[in-house]
Amino acid sequence: MEFLQGQRLETTLAVAAAVVAVAAGSAYLFLRSRKPRGCLDPENFKEFKLVEKKQLSHNVAKFKFALPTPTSVLGLPIGQHISCRGQDASGEEVIKPYTPTTLDSDIGSFELVIKMYPQGRMSHHFRETKVGDYMSVKGPKGRFKYLPGQVRAFGMVAGGSGITPMFQVTRAILENPKDNTKVHLIYANVTYEDILLKEELDGMAKNYPDRFKIYYVLNQPPEVWDGGVGFVSKEMIQTHCPAPAADIQVLRCGPPPMNKAMAAHLDGLGYTKEMQFQF
């Protein structure tokens, strides 16, 4: 009898241990598969601390903001942006959209590359912001939603700081080994010094030569220059972007006059409204 009772006890303990192991394994898999909750609020501004400010040129700086914990993610869908709130030189409130250059794979912080214009109202706020200060941020915002493989190829036409949403989308595509989407980017600026994120863009072109092509255009190029000259033309788009097709899309982002001109070029080349998107 004692032997049978001992056997029953051992069996009960073994079953209990197995149940605990299965439960622990299930919890581990659940936690691993669960997407981290983002830090953004689409309705209310939240405060994020500036932990690093790096001057990239006389009027461009990279701002790094900490998230609540080292493993936190911003929670910004690919192709969408945030709204930043600050004060202009007169003390008036100003709100402006910006696209981070980081992705949710960059945990613990997010970065903004900001071009600060002399008369820009939000530019003033960024110029005055120091490490340790807080930035009011709300989001996500935007109409663009990207899913891997939704198109065969993207054409992109960007001007100036309009490169940031293109950079974000391109990074997400290239860093996803399951995404075979090709990207063809035309990036226009006034001078060579105005080119934002050039080192990063050239690095992506070098590391993913079959998936990412970039063509720079300058209005005032240096003496030695092998890119485009002047404004982005219809011929440049025809040469460097994928031809009109049901499985491609051309994204554009730049100053209003440029966006208007690019829309006219694309219409003239036969790209339908469904094949175009403006950030």
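The values are calculated or read from the model by the stated rules, or taken from the named source; none is laboratory data. The structure displayed is predicted, hence computed values, not measured ones. Heads up, the Cβs are rebuilt from the backbone with ideal geometry, glycines too, and the neighbour counts pull from every protein chain shown. Only protein heavy atoms, including side chains, enter the accessible area calculation; ligands, DNA and RNA are left aside. Shrake-Rupley method; radii C 1.70, N 1.55, O 1.52, S 1.80 Å.
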(request) Just name the residue that is nearest to residue 145 (Cα to Cα) out of those in the range 38-75 that are β-branched (Val, Ile, Thr) and either surrounded by fewer than 16 Cβ atoms within 10 Å (Cβ to Cβ) or at pLDDT below 95 (or both). (result) 71
(message) Looking only at the range 76-103, count every residue that is on the phi > 0 side of the Ramachandran plot and surrounded by fewer than 18 Cβ atoms within 10 Å (Cβ to Cβ) and tell me the total.
(response) 1
(request) Quick one: in the range 104-135, of everything that is among the hydrophobic types (A, V, I, L, M, F, W, C) and open to solvent by less than 20 Å² (accessible area, probe 1.4 Å), which residue is nearest to residue 44 (Cα to Cα)? (result) 135
(request) Please determine, by comparing only the residues of the range 148-158 that are in contact with a strand residue (DSSP E or B) (Cβ under 9 Å, 6 or more places away or on another chain) and outside any strand (DSSP E or B), which one is surrounded by the most Cβ atoms within 10 Å (Cβ to Cβ). (result) 151
(request) Search the range 242-279 for residues being open to solvent by 40 Å² or more (accessible area, probe 1.4 Å) and touching a strand residue (DSSP E or B) at 6+ places or on another chain (Cβ under 7 Å), and hand back the single one that is farthest from residue 150 (Cα to Cα). (result) 255
(request) Can you confirm whether the range 93-111 contains a residue that is over 30 Å from residue 244 (Cα atoms) and in contact with a Gly (Cβ under 7 Å, 6 or more places away or on another chain)? (result) yes
(message) Can you tell me which of (1) in a loop (DSSP other than H, G, I, E, B); (2) at pLDDT 95 or above; (3) more than 30 Å from residue 91 (Cα to Cα); (4) open to solvent by 20 Å² or more (accessible area, probe 1.4 Å) is the one residue 179 doesn't meet?
(response) (4)
(request) Test residue 234 against the stated conditions and say whether it is without any contact (Cβ under 8 Å) to a residue 24 or more places away in the chain and open to solvent by 20 Å² or more (accessible area, probe 1.4 Å). (result) no
(request) Specify which of the listed residues (145, 130) is in contact (Cβ under 8 Å) with a residue 24 or more places away in the chain, outside any strand (DSSP E or B), within 20 Å of residue 105 (Cα to Cα) and out of contact with any helix residue (DSSP H, G or I) (no Cβ under 8 Å at 6 or more places or on another chain). (result) 145
(request) Report yes if some residue within the range 242-263 is in contact with a Ser or Thr (Cβ under 9 Å, 6 or more places away or on another chain), in a strand (DSSP E or B), not aromatic (Phe, Trp, Tyr) and not assigned by the TED database to the domain that holds residue 116; otherwise report no. (result) yes
